[in-house]
1. Would you mind checking LYS461/LYS620; LYS109/LYS469; LYS346/LYS382; LYS388/LYS602; LYS620/LYS673 for any pair whose Cα atoms are more than 23 angstrom apart?
2. Kindly provide the helix-only [θ] at 222 nm of the chain, computed as the sum of -39,500 (n - 2.57) over DSSP H runs of four or more divided by all residues, to the nearest 500 deg cm²/dmol?
3. Which of rounded, prolate, oblate describes segment 506-625, given a ≥ b ≥ c as roots of the alpha-carbon gyration tensor eigenvalues and a/c under 1.5 marking rounded, otherwise prolate only if a/b is larger than b/c?
4. Taking a ≥ b ≥ c as the square roots of the Cα gyration tensor eigenvalues, with a/c under 1.5 meaning rounded and otherwise prolate when a/b beats b/c, else oblate, which class fits segment 236-285?
5. How far apart, in nm, are two points set 7 Å out from the Cα along the Cα-to-Cβ line at ASP650 and at ARG16?
6. Reachable lysines from LYS102, Cα under 30 Å, same-chain residues fewer than 8 places away excluded?
7. Scattering from the C-alpha atoms of segment 233-340 alone, worked out with Debye: what is log10 I(q)/I(0) at q = 0.16, 0.17, 0.18, 0.22 1/Å?
8. Determine the shape class of segment 331-409: with a ≥ b ≥ c the square roots of the Cα gyration tensor eigenvalues, call it rounded for a/c under 1.5, and otherwise prolate if a/b is greater than b/c, oblate otherwise.
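Values quoted throughout were computed directly from the atomic coordinates according to the rules given, and no laboratory measurement underlies them. This is a predicted model, so every value here is computed, not measured. In this analysis, Cβ positions are derived from the backbone assuming ideal geometry, glycine residues included, and neighbour counts consider all displayed protein chains.
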Amino acid sequence: MAEILHEGNIWHLRNRWISYALCELPGGVVAHLYAGPRLNNLNPVGLLRRANLKAEDFSVQECALDRLAQEYPSFGLGDMREGALTVVAPDGSRAVDLRLEKAEVLDEKPALSGLPATRGEGCAALRLTLEDAHTGLVAELNYAIYDDCPAIVRSARLVNKGDAPLTVERAYSLCLDLPDDDWELITLSGSWARERTPYRRPLTPGFQGVSSQRGASSLQTSPFMALVRRGTDEQRGEAMGLSLIYSGNFIARAEDTPTGGARLLMGINDRDFTWRLESGDAFQTPEAALVISNEGIGGMSRGFHRLWENHLLPRRWMGVDRPVLLNSWEAAYFDFDEDKLVSIAKAAADAGASLFVMDDGWFGHRDDDTTSLGDWQTDTRKLPHGLKALGDRVRALGIQFGIWMEPEMVSPDSDLFRAHPDWCLHIPGREAITARHQLTLDLGRADVQEFVYESVANTLKESGAAYLKWDMNRNFSNIGSAALPAERQGETAHRYMLGLYAVTDWLTRDFPDVLFEGCASGGGRFDAGMLYYVPQFWCSDDTDALQRCEIQYGTTLAFPPSTMGCHVSAVPNHQTARVTPMDARFAVAMGGSFGYELDPRKLSDEEREALRTQVAFAEKTQQIRLYGDFYRLLSPFEGNDTAWMSVAPDRSEAIFTFVRAWAIPNTMPPMVKLRGLDPARRYEIAELGEVYGGDELMNAGLCLPMEVNGAGDAWSALYTLKAVNE
Ligand code: DGJ
């Protein structure tokens, strides 16, 4: 059970795995003491001595703050490092001096107003209230520690209790000051079709980190970073991961400080951000999660997976089987009519799929991507009988119907834009910059929120869709809102996110049985913020089996398999032109929520038969694949082979996947050490008809039956392991 121990001036948050401790120094400054594996005893003297301090006579004089590990440091009063908070006072100064007023162990973890956050059950919660006497600014620091995973979540709420307006220029969610700098930093970066590659480098003096100022967490990086010790690998060593529950502009920065400590900061990016706080107003930061592992990077990932699955992802879909879907995009692009879609859906149904999704191109007069976003009326040239008729024809095949929308966007060539030119993000007098020929609706506006809600709700009602792919295909430019005065223009990007979350919240509440899948040109908004509303996200537009090994490997650092939309597509692959065997494409797509991205009518009879077997396998194994304990075994970034496995919580079953990218002749067949099994049990591998001990598979390894000469590129293995009853 998670608990909060309070002794003297120390608060110690602790569960089975981890401890997190802080203390109040004389005068009310809040120092950070410890974050790491669970401690039974905590004597702060040594931790404070590290900062050349004594608990009893601390004073902010002589820049003592510059050496002190703090919980929520600010700028301008002696701490020369980057702070978590910058606020402009009525006198124009930016210094803030927060002192503890109150500490409360709460009965319940409070929800975050307007923002996604981990839910309150199964945790212990602490609130510290600090105040800056000079301005009347109050900062509430909220912490929670969960019973069932090595995780702490944190956020801050700022309240202006002074008489005059304040302007917040920076309000990060978290600061974590660590007493040494002997760490390596891991972040995720990439681009369209190559999302979330892990990069690892030593901490060196100065700043390192990642950020987005694109208006979305982005394809290019992810609101995640981890610190690991040198030598920490998938199984062994210390790892600390941070993830921000937010989908907009963010920053994650690590500073190797001059005195030999490390400071981690994470929150909304302060680039192009200001927030005006009138007297009495409050500002809520997003929540950040800290996961601590002593079992390597793999342990950290499993910590995140449990935290998100048990406390963040939509409950309606947790542990629930997902439909095997077929999406029309790469099958038809914009070129379809009702009969064509129905015949693709029929082929999907014949293969055993349970959901057919009509992608882009069904509304306005959209024959390509230059037009019609915002005009969510059915294009009767293509679908003369309307959405309901199409949905009914698909449902008559015995499968569900799903639909694509890009609700946050407007095409300049649309009735919506002609009627409401001021509804998009824009700066009056400046030329609008389009991307993919589209503009971004200003979701911070109540009238736009209403429009987006109505458009999606009407489409869902009319079509009877059981699934919605919510796409978003451009980043922000011309960031300005016609609904805000000049002094609030810096609020535009965050107000957009609040509006997006509000609309998504209304829709997912009003249509609880519709499966929402997020998408942003692939995985361009794959973050813990969106995953509060949508249980799965299209991982990448790149479905090439080898590229997907990398993308999915990186994604699982911070997110569980159930959240990754993973499809088998046709060859040559539409993104890489690479030809890989069907088996490999299937084995890799078994890494997440499964589906197809191809025209099944164009497959050979043999391939269509294979589809039936695949769908049956996908359905039979999905509880373990999606919700089991996940182990990365071989990294595509370190060699030619990728392997991973998912193990049932009771370790009675497991699914193992292996892919060798390039064939290597005249070598011994690969030998892979498995993880997470019960060493005392024996497991049968059905596909091989062989039985091994769990200890044997983990210590000696499994030798794969690869005929290395002539194996061909992208050789794969997909095995089910079952404990043998003895
Ligand atoms: C980008 C998505 O990632 C694709 O899957 C597809 O839905 C297109 N948009 C449609 O325009």
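1. LYS461/LYS620; LYS109/LYS469; LYS388/LYS602; LYS620/LYS673
2. About -6000 deg cm²/dmol.
3. Prolate, since a/c reaches 1.5 and a/b exceeds b/c.
4. prolate
5. Each label point lies 7 Å from its Cα, and together they span 1.7 nm.
6. Leaving aside lysines fewer than 8 places away in the same chain, those within reach of LYS102 are LYS54, LYS161.
7. Each listed q maps to, in turn, -0.99, -1.03, -1.06, -1.21.
8. prolate
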